[in-house]
1. Please check region B:124-146 for residues whose accessible area, probe 1.4 Å, is lower by 20 Å² or more when all protein chains are in place than in their chain alone.
2. How many partner chain Cβ atoms sit within 10 Å of a residue's Cβ in peptide A:276-285, on average, as a whole number?
3. Determine the relative contact order of chain A: mean sequence separation of Cα pairs under 8 Å and six or more apart, normalised by residue count, in whole percent.
4. With both partners inside region B:152-240, how many of the DSSP beta bridges are antiparallel, as a percent to the nearest 5?
5. Please compute, for peptide A:290-302, the average count of beta-carbon atoms on other protein chains lying within 10 Å of each residue's beta-carbon.
6. How much space per residue, in cubic angstrom, does the convex hull of the C-alpha atoms of region A:191-284 take up?
7. If each of A:D494 and B:I9 carries a label point 7 Å out from its Cα toward its Cβ, how far apart are those two points in nm?
8. Return the carbon/sulfur percentage of the accessible area of region A:10-94, one whole number, probe 1.4 Å, all protein chains in place.
Amino acid sequence: MFRSLAVPEFLAKIDQVKCIRCKRCIQNCGWSVYSWGGDKVLIDTFKCVKCLRCYHYCPEEAITIEDNPVKYRSNANWGFYQIRNIKKQAETGGIPLTGMGSDMPYPVLFDNLLIDACQVTNPSIDPLREPMELRTYLGKKPAKLEFEKVAGGKPKLKTKMPPQIKLEMPFIFAPMSYGSISLNAQKTLAIAAKELGIVMNTGEGGLHEDIYPYRSNIIVQVASGRFGVNPDYLNAGVAVEIKIGQGAKPGIGGHLPGEKIPLDIAKTRMIPVGTDAISPAPQHDIYSIEDLRQLIFAIKEATNYTKPVSVKIAAVHNVAAIASGIVRAGADIVYIDGFRGGTGAAPVIIRDHLGIPIEYALAAVDERLRQEGIRNEASIIAAGGIRSCADAAKAIALGADAVALGTSALITMGCTVCGKCYTGNCSWGITTQRPELTVRLDPEVYAERLINLIHAWSHELKEILGALGVNAIESLRGSRERLRGVGLDGQTLDLLGVKPAGR
Amino acid sequence: MLTIDAKGIYYRELNSKVRDAVSKGEKEILLKNVNGQYYIGDGLRGETTITIDGVPGNDLAAFMDGPTLIIKNNAQDNIGNTMNSGKVIIHGNAGDVLGYGMRGGKLHIRGDVGYRVGIHMKGYKKQNPVIIAGGKAGDFFGEYMAGGVLILLNLDGKKDDRPMVGDYLGTGMHGGIIFIRGDVDKKLCGAEVGITDLDNEDNKFLKEYLEDYCKDFNLKTEDIMRVGFKKLIPASLRPYGNLYAY
Ligand code: SF4
Ligand code: SF4
């Protein structure tokens, strides 16, 4: 009898000549691919997800992980995963889950956009020797500023500024809850955020006491499950975010199964150990923009109007109208999570087929808010597939005030985007709660790598600004004139508000 | 006792007056002429008792942590949203989505309640939120309930022939207890719910809850307990355990 007709995705192989039987691979693999056979390491390749932990920890470079050459017969219509998912579903009757953002080959418009540069008629700037401003404030900006003269004739700002989040650079870490990622992963984000002068976001899993010291670099989230939300929590960070949707799973809720809820997570979420943590698909007190307004102001009342309130939505078809409603409902920040955004767990069918990519959504929202004359009323955070500083710069030129980084931050912690986060076995100690795996992720060590990444991107961003001949990120923000499209049709260019290259 | 006249004042000003008074240590506040102002008691902490004269607006006692609110009239929607502790006593009817995500404290309502009451209530450690409604309830009573206690009494059942509770009772329930006075039609319940009779332990707790309730409204526990109760509990703590393929 066969074990499963869903053939393994990968073949893990050990070169028996090179192998010194140190058993590190057995120890390191979170998915129990390896076991000890008495005289050699045995391999259960069905379990391999190609996270490459074993590869990096094998001292002899004895391990190779290949794509399984015995895949189903190639077929331009029936792809490997289509056939494999049907087999899996036939065996279980369940909904196949996945982790991380969609890996389907939908067009990535960032790759069809190019950034301008100065030549001859306008000088570029050398960011290494001239000041370059990346500081960004998120929050409502007044429509006009009023000044008064005080003694000595100096003007003083009279307009009362709404609360702002101050960022040293236009990057923030995307919401990832304790439960979806490990506490050590959250600590890594917190340490880096503090060091960099930016913010992380609790996600909807409550705020663990170990993260409290980083409160001036934290956005706390309120979602449909209301996990860990009380007046202390609302006032703990620099802002409060209402989560309506997530790019990887627009329109569906969250569900952390009971077996993934040990004591510490239960404590942080303020629920009993072992029960499912269900975040209903909708917030059942929000059926309209008016209802959203009600919750926004319930939070503002509870925080005495001292914190900006952000509303996070998934990018969907009518995103521009929805965002306009959110701004009119009183949100200080609109967080738009694009189709390619990551997740700890989502049904494949939802992740790969619902929503729209961030580039379209961002351009449409920024344009709409400008047309309606309310762009200053809220900042825009763009998320969902920012893979490099180039993507970030293009997103900012399309209208984002800042970009949120989830997957790229996890990659600095060892993640190889294997997409198996939903199993809770992450060998890198990121999306798991198994203590023997989470101890591997030393927050101090990995925060250093994350800080390096953001520093590198900041330098790159300054180089781009210098080449554009501007000295502040503010000058790039929403400046679509500095972008050109390559290989895009007229309608897409029109939607993005971008000219074709050469014009 | 501090009296604040709410006549014609916007909620923001009214609530900031209340917050000021509470932070100065005021233990008793009377709000006169309240007429639909939102967010009364929102995020408020401490031991203050606030008596509300008039009908308060939505999101009463949202995120509240400690105070007692007494409403002499009807109240509206979203009362006790994510409330942490404290008490809300409503002498009239109340609206939809009461006690959303409520983690502790009590909501005592003398009259009817609307849809989605007790949605996603949870217990946590010693915190055990309790909602008691004296009248009837709409659909989705106790939806997604994850902890705490919901009690529906139907005390004035004979007044009209509406059913005492709507459809989808306890749908998605995965924790907590619902007590219903009278019989429960299984057809009304969500798939995740089991109906049982009360044991001695249940009766003891129920009595405790009802005694406190009766004190607030001048009722007699014995009168209420003369009619039998049914207890609704989740069939599983993991209702969706088999939904996914790994
Ligand atoms: S880690 Fe490498 S050398 Fe050590 S047992 Fe595994 S395959 Fe062999
Ligand atoms: S977090 Fe871990 S499980 Fe998830 S994609 Fe990265 S390496 Fe794989």
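1. Correct list: B:Y124, B:Y144, B:A146.
2. Shielding by partners across A:276-285 averages 6.
3. Numbers: 1056 pairs, mean separation 95.1, N = 503.
It rounds to 19 percent for chain A.
4. Roughly 80 percent of the DSSP beta bridges within region B:152-240 come out antiparallel.
5. Taking the mean over all residues of the peptide, I get 6.
6. Dividing the Cα hull volume of region A:191-284 by its residue count gives 105 Å³.
7. Simple spin-label model gives 5.5 nm for this pair.
8. Working: 2650 of 5150 Å².
Exposed carbon and sulfur together represent 51 percent of the surface.
The values are calculated or read from the model by the stated rules, or taken from the named source; none is laboratory data. Bear in mind that the values here come from a model prediction, so they are computed numbers and not experimental data. A quick note on method: Cβ atoms are made from the backbone with ideal geometry, for glycine too, and the neighbour counts reach across all protein chains shown. Remember, those area values only see protein heavy atoms, side chains included, never the ligands or the DNA or RNA. Shrake-Rupley method; radii C 1.70, N 1.55, O 1.52, S 1.80 Å.
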